[in-house]
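Okay, structure first, notes after.
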Amino acid sequence: MPLVTNIQKFSIHDGDGVRTTVFFKGCPLKCVWCHNPETQRFYAEMMLDEDKCVHCGMCEQVCPEGAVSMVEGRPELDQNKCIHCGKCEKFCTAVCRENVGKKYTVKELTKELVKDRMFYEDSGGGVTFSGGEVMAVDMDFILAMAKSLDREDITLTIDTCGYTDYENFVKILPYVNTFLYDVKVMDPELHKKYIGVDNKLILENLKRLSDDGGRIYIRIPTVKEVNGNDANMQATIDFLNENRIRVAQVNLLPYHDTGSGKYRRIGKEYEGTELHAPDKDEMEHFKQMFIDAGYTNTKIGG
């Protein structure tokens, strides 16, 4: 059973209409600019906002496993001992702890998602599964959820990096309205440098998904120092054309570092400090490149 880090309601950037987005925990990629670092690992974690911590020691006192200890007046967590019971979060006087990763049954998650049916119906929206990488977690659970939402007549969008066994796409394709498919960098070496793997599997899966009739929105997180240039955008356009990828929409997503503050809370270092978004004129230029190539439904942003 996969872990859920967040259920974000009234989302308008994760597909058509008003949506509820479920963020699943675990991802095979390691994007330098990842703005959801708490979704990278496949297991539950405790996030600590040290700036809020008042060093009261309550977390040490209530932890039943002895996973928290005060060292020089500051709490230190042994992740190997932590069983994520939530007691330190519950009793934290400064509200600076957050247990990341919750299990839901199919029935429980469906019950939560149908609460917003009215907003889906009024806006043409639905549910989006994101991550992490939803296609890399327990696909039996994801397929069961897809079927459950289908029975409720709620459309499902999958936000994916494409790095998975293609059989996972085959299983879920009949129940998915739209795939938000990331195409981050066309150069395989640059892709490996900034994403952690090359892009061969991702591009091959994109071709197969298009051939099999998937409705696809191409999403390009645009980073000036990585892929925010004419060469990469033209290479992307050429790939889409040469492989006759059926593209319903292109979204150019300017880089942002709004998730950088999470890294310290999860015990990681943010490596994207030297990255920037292209300026407005550059983004408009990239948009026009796609429009001129025939991708008239190209937008800046989600």
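Readers should treat all values here as calculations from the given coordinates under stated rules, not as data from a laboratory. Everything numeric here is computed off the predicted structure, so don't read it as measured data. A quick note on method: Cβ atoms are made from the backbone with ideal geometry, for glycine too, and the neighbour counts reach across all protein chains shown.
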Whole-number percent relative contact order across the chain, with pairs defined as alpha carbons under 8 Å at least 6 apart
19 percent
Cα-only Rg/Rh for region 45-100 with Kirkwood Rh rounds to 0.89
Rounded to the nearest 20 debye, dipole of the chain from Cβ charges on Lys, Arg, Asp, Glu:
760 debye
Got a sec? How would Ile142, Ile216, Ile12, Ile266 order by Cβ neighbour count within 10 Å, fewest to most?
Ile12, Ile266, Ile216, Ile142
With Asn232 itself left out, Lys, Arg at +1 and Asp, Glu at -1 over residues whose Cβ is under 13 Å from its Cβ give -4
Counting Lys +1, Arg +1, Asp -1, Glu -1, what net charge surrounds Cys53 among other residues with beta carbon under 14 Å of its beta carbon?
-3
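Determine the calculated [θ] at 222 nm for the chain from helices alone, applying -39500 (n - 2.57) to every DSSP H run no shorter than 4 residues and normalising by the residue count; nearest 500 deg cm²/dmol. All intermediate terms of the calculation are to be shown ahead of the outcome.
On the way: 11 runs with 97 residues, N = 302.
My calculation for the chain gives -9000 deg cm²/dmol from helical runs alone.
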Over the Cα atoms of region 10-92, Rg to Rh with Kirkwood Rh, two decimal places?
1.08
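Can you give the Rg to Rh ratio for the chain, taking only C-alpha atoms and Rh from Kirkwood?
On the way: Rg = 20.5 Å, Rh = 20.6 Å.
That ratio equals 1.00.
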Among Lys184/Lys287; Lys9/Lys102; Lys224/Lys287; Lys90/Lys115; Lys103/Lys147; Lys102/Lys262, the pairs whose Cα-Cα distance exceeds 21 Å are Lys90/Lys115
Return one number: the angle in degrees, 0 to 90 and rounded to the nearest 10, between the long axis of the Cα atoms of helix 200-211 and the longest principal axis of the Cα atoms of the chain.
60 degrees
